[in-house]
Amino acid sequence: MLLNIKNLTVAIEGKEIIKGLNLQVNKGEVHAIMGPNGTGKSTLAAAITGREGYEVTEGEIWYKDQNIIEMDADERANLGIFLSFQYPVEIPGVSMTNFMRTAINAQREYRGLPPMPAGEFLKLMEEKKKLVDIHSKLTNRSVNEGFSGGEKKKNEIFQMALLEPTLAILDETDSGLDIDALRTVAKGVNELRSEENAFVVITHYQRLLEYIVPDFVHVMYDGKIVKSGSKNLALELEEKGYEWLKEHSLA
Amino acid sequence: MSDQTNNNILDEVTKGEYKFGFYTDIENDLAPRGLTEDTIRFISAKKEEPEWMLEFRLKAFRHWQTLEEPEWAHLHHPPIDFQDIIYFASPKKKPQLNSLDEVDPELLETFDKLGISLDEQKRLSGVAVDAVIDSVSVKTTFQDTLAKHGIIFCSFSEAVKNHPELVKKYMGTVVPYTDNYYAALNSAVFSDGSFCYIPKGVRSPLELSTYFRINAANTGQFERTLIVAEEGGYVSYMEGCTAPMRDENQLHAAIVEIIAMDDAEVKYSTVQNWYPGDKQGKGGVYNFVTKRGLCKGNRSKISWTQVETGSSITWKYPSCVLMGDNSIGEFYSVAVTNNYQQADTGTKMIHLGKNTRSTIISKGISAGRSNNSYRGLVKIMPGAVNSRNFSQCDSLLLGDQCGAHTFPYIDTRNQSSIVEHEATTSKISEDQLFYCNQRGIDTEKAIGLIVNGYAKEVLNKLPMEFAVEAQKLLSITLEGSVG
Ligand SMILES: Nc1ncnc2c1ncn2[C@@H]1O[C@H](COP(=O)(O)OP(=O)(O)O)[C@@H](O)[C@H]1O
Ligand SMILES: [Mg+2]
C-alpha cells in the first residue's frame, strides 16, 4: 500500500478540522475526493504534505511503510509526495527555470544523485512544456507571477510532470479552468499515470472525472469520509446534491 | 499561525558561519599605535611621499581634530578609541609589481583562498585586479594590456609617484577632507587604494577590480580610490572586501571619488563582505565610508551598485552630484543584516544641471536582531530644471526581532522637476516557504531563493563576474537567521 491514513485527526489552532479520517491508496490507483466547501479537503492535503500549523492530534499517516507525521514537508516531497496547490503562490524575481532546477536538484541530492546537467534539464523542460501545452513566455517569468488562474493550475501540472512524484494530490486543480485547459490538465495526468504511482484528486465537480477516470470516489463531509464507492458515486452526488449527504452523515 | 511558524523556523535553522575568517601569518611593518602628527609623518615617510602629499595629510588631520564623531545615524556602538588603532600595516616583504613570482607566497595563497586570481595566465576571467592587503597594494594585474589603451590602473601610492599632476588635480575635489569626520580621518591617514584614469574616448576593454583585505590585528584600513573618466570614457569598476574573524572591532574608513566628464560613464559595483561579527554581536568591522561621484560633464553617467552583507556597522551613502546638463545618477543597493549587524546606508542625489535624472532602488533585508536603515536625500536645486528622480525603497523582514527604517529626505527647489518615492515593507510569507518545501527545497535554500528573487532588480545590475558571488553571499549571510 502506498498511502494508509488511519483514524486521522487534524487541528488548526486547536480547532479540530479533520475528525477521524481513514483512506487507503495503492499504487496504480486514482482516488477522487469530493465534498462541500469548508469540509476539510485542503486541510487533509496539508496534513499529508506536512504543512506547519496543521497539527495531527490523533492517528497515523503511513507512506511507503513509514509513519510520516513527524517528517518535515521538504523530506516528504523528496520521498515523492506532490501537491498541486489550490492557490499557488507567487515568488517574485525567481524564474520558473531557476525554481524547478533548484527543486529537481534538491530531490536528486536527497536520492544521492549529482545535479542534473544544464543541457539535460533544458531538454526535460521542453518535453514537459509540450505535455501540458504551457508557453515559454510563462516558464521564463517568475514563479506564478502575472499568471492567470488557469495558467497557475497548468503550471502546477507542469511541475508535477517535471518532478514525477509517486503520490500526487491535486487540490481543485480543475476549478476556474475552461474546458480546453481542463482537457490539457487531464491529459497531463493521464500520461503520467502508471502502475508505479497514484493520484488523489480533490474536486468539487464530477466534470473533471470524465477526463480523469477514478478508481474510487470518496465523499468528505465535516472532516470525515462519509461515503466511498466507484466512479458512479460522483454522478449520484452531482444529481442529488450535497444536501443528500447531510442526511447521510447524520444517519 | 504564521507568527508561531516563523518563530519555529527562526529557531530551527542553524548556524551560518563567515567563510572568509582565516588569518594569514605575514610579517608586518606596523605604525606605532595611536594617532598624532608623528603617525602621519611616519606613514608619509614609509610611503616615500612628496611634500605636498604630507601637507595635504596634515591639513586634514588638523581639521579632523576639531571635529566630533557624528551621531545622527541610526546606529549604536561603544565610543571608538581612535588612539587604540594601528594606522598603518604593510607586509614586510615588499612585493615587486612586475612579477608575480616575487609576491610573498603566503599572500598569493590568501588571495587564492578568497577566490581571487592574481595570475595573469588566467586571462579568461577578463578582470584586472588591484589587490590591497591591509594598507598596501600588493599586486595590480593586466597593467600592460590597459596601458596600451592609455588607461592608468594602479595603486594610489604609485599614482602619487608616477602621476602626481593627475592626483593633485582631482584628489579631494569630490570629497574634500572637510566633508565629514571619517573623510577627514581618511585624508589624514589613508594608506593605499586604487587609482584609475580613462583617457578621452576610451572604453575600458576589461572590468577593473580592487580587492581589499584587512589582515593584521588592531589595524584600521583607510583606503582611497580615485576614478577619472575623461570625455566619452567608459569603465566598469568592481570592489570586493573581506577580513579575518576577530573579537575586537576593526575600523574601516574609506573614500571613493569618481569624476565623469562629458559623455563619460562610470559603473561602480561593490560587494562588501567585511567580517560582520559573531552571532552575539562580538567583533566585526566598523565600516564608515564616503563615496561620491561627480557627473561633471554634460550627459555623463555614474551608477553605484552595492551588495552590502558584511560589517558589524555600515555607514555609507554613495552619492552623485549631477552637475552636467542631462547627466544621470543611479544607486542600486541590497543591504542584508543578520544577528546584531547594523546598517545605515543609502544615497544622495544632488541635481544641479538641467534635465538631470536619478534613480534609486534600495532593497533592505533584515534578519536576527539586526537593524537596517535606508537614508536618502534627493535635492533638486533651482537651476536643475526638468529634473526627475524615482526612488523605490523596499524592506524585507525575516523574523520579528529585527528592524527596518526608511529616512527619505526630499528637497525640491524648482517647479518643473518631478520626484517620485515608493516604499514597501514585507515579510517572507509562510505560504512561499511551504510552496518551496513542497517541491523538495529545504527552508534554508528556500530563503536564499526568495531573497535572491527579491533582490534581483539590483543583482541584475552587477557585472556577471560579481553576480554569482553576490547571490551566494546573500544566501550565506542569511543562513541560520530566518523566519
Ligand atoms: N489556516 C487556517 N486557519 C484557520 N482555519 C482554517 C485554516 N485553513 C482552513 N481552516 C478552516 O478549516 C476548515 C476546512 O477548510 P479547508 O480544508 O480549506 O476546506 P475545503 O478544502 O474542503 O474547502 C474551514 O472551516 C476553514 O475555515
Ligand atoms: Mg480547499
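Somewhere in the range A:170-181, is a residue buried (at least 17 other Cβ atoms within 10 Å of the Cβ), within 14 Å of chain B (Cβ to nearest Cβ), within 16 Å of ligand 2 (Cβ to nearest atom) and among the aliphatic types (A, V, I, L, M)? For the range A:170-181, residues buried (at least 17 other Cβ atoms within 10 Å of the Cβ), within 14 Å of chain B (Cβ to nearest Cβ), within 16 Å of ligand 2 (Cβ to nearest atom) and among the aliphatic types (A, V, I, L, M): present. Residue A:99 meets the conditions (1) touching a residue at least 60 places away in the same chain (Cβ under 8 Å); (2) part of a helix (DSSP H, G or I); (3) more than 15 Å from ligand 2 (Cβ to nearest atom) in every case but one. The failed one is (1). For the range A:32-45, does any single residue satisfy the condition of being touching a Ser or Thr at 6+ places or on another chain (Cβ under 7 Å), hydrophobic (A, V, I, L, M, F, W, C) and within 11 Å of ligand 1 (Cβ to nearest atom)? Yes, the range A:32-45 contains a residue that is touching a Ser or Thr at 6+ places or on another chain (Cβ under 7 Å), hydrophobic (A, V, I, L, M, F, W, C) and within 11 Å of ligand 1 (Cβ to nearest atom).
Note on the range A:20-37: residues that are over 14 Å from residue A:198 (Cα atoms) and of a type outside the set (A, V, I, L, M, F, W, C) amount to 5. For the range B:376-393, a residue qualifies if it is in a strand (DSSP E or B) and out of contact with any Phe, Trp or Tyr (no Cβ under 6 Å at 6 or more places or on another chain), and the qualifying residues are B:376, B:378, B:379, B:380, B:388, B:389, B:390, B:391, B:392.
Restricting B:302, B:380 to those that are at pLDDT 95 or above and within 22 Å of the chain's Cα centre (by Cα) reduces the list to B:302. The set of residues from the range B:439-463 being more than 7 Å from chain A (Cβ to nearest Cβ), of a type in the set (D, E, K, R) and farther than 19 Å from residue A:141 by Cα comprises just one member, B:444.
Screening residue A:109 on (1) within 19 Å of residue B:472 (Cα to Cα); (2) at the interface with chain B (Cβ under 7 Å from one of its Cβ atoms); (3) of a type in the set (Asp, Glu) shows it passes everything except condition (2). Is it fair to say residue B:425 is surrounded by 22 or more Cβ atoms within 10 Å (Cβ to Cβ), within 26 Å of residue B:401 (Cβ to Cβ) and away from chain A (no Cβ under 14 Å)? No, not satisfied. Counted as qualifying within the range A:132-193 are the helices (runs of 4 or more DSSP H) with 3 or more residues that are basic (Lys, Arg), namely A:149-163. Considering the range B:349-375, the residues that are in contact with a strand residue (DSSP E or B) (Cβ under 8 Å, 6 or more places away or on another chain) and not in a strand (DSSP E or B) include one that is nearest to residue B:428 (Cα to Cα), namely B:367.
Checking B:211, B:182, B:197 one by one, the residue that is touching a strand residue (DSSP E or B) at 6+ places or on another chain (Cβ under 9 Å), more than 26 Å from residue B:327 (Cα to Cα) and modelled with pLDDT of 90 or more is B:182 and no other.
Among residues of the range B:446-461 that are closer than 19 Å to residue B:330 by Cα, those with a beta-carbon under 6 Å from a residue that is part of a helix (DSSP H, G or I) at least six positions away or on a different chain give the pairs B:459/B:467; B:459/B:470.
Counting the residues of the range B:317-331 that are crowded, with 24+ Cβ neighbours inside 10 Å and in contact with an Asp or Glu (Cβ under 9 Å, 6 or more places away or on another chain) gives 2. Residues in the range A:136-163 that are among the basic types (Lys, Arg) and within 12 Å of chain B (Cβ to nearest Cβ) were compared, and the one that is farthest from the chain's Cα centre (by Cα) is A:141. The set of residues in the range A:7-30 being in contact with a Pro (Cβ under 9 Å, 6 or more places away or on another chain) and either within 16 Å of ligand 2 (Cβ to nearest atom) or within 14 Å of another protein chain (Cβ to nearest Cβ) (or both) is empty. Once the range A:207-232 is narrowed to residues that are in a helix (DSSP H, G or I) and either within 16 Å of ligand 1 (Cβ to nearest atom) or free of Cβ contacts under 8 Å to residues at least 60 places away in the same chain (or both), the residue that is nearest to residue A:160 (Cα to Cα) is A:208.
Among the residues of the range A:147-160, those that are of a type in the set (A, V, I, L, M, F, W, C) and farther than 16 Å from residue A:106 by Cα comprise A:147, A:157, A:158. The selection criterion, being crowded, with 17+ Cβ neighbours inside 10 Å, within 16 Å of ligand 1 (Cβ to nearest atom) and charged (D, E, K, R), does not hold for residue A:90. Scanning the range A:38-81 for residues that are more than 14 Å from chain B (Cβ to nearest Cβ), over 23 Å from residue A:197 (Cβ atoms), touching a residue at least 24 places away in the same chain (Cβ under 8 Å) and within 14 Å of ligand 2 (Cβ to nearest atom) gives A:39, A:40. Among the strands (runs of 3 or more DSSP E) confined to the range B:285-343, the ones with at least 2 residues that are within 19 Å of residue B:236 (Cα to Cα) are located at B:301-308, B:319-322, B:328-337. Considering only residues of the range A:55-85 that are surrounded by fewer than 20 Cβ atoms within 10 Å (Cβ to Cβ) and within 16 Å of ligand 1 (Cβ to nearest atom), which is farthest from the chain's Cα centre (by Cα)? Among those residues, the one meeting the criterion is A:57. Taken as a whole, the condition of being buried (at least 23 other Cβ atoms within 10 Å of the Cβ) and either under 24 Å from residue B:356 (Cα atoms) or within 20 Å of the chain's Cα centre (by Cα) (or both) does not apply to residue B:414.
The values are calculated or read from the model by the stated rules, or taken from the named source; none is laboratory data. These figures come from a predicted structure and were not determined experimentally. Note that we place each Cβ from the backbone using ideal geometry, even for glycine, and neighbour counts take in every protein chain shown.
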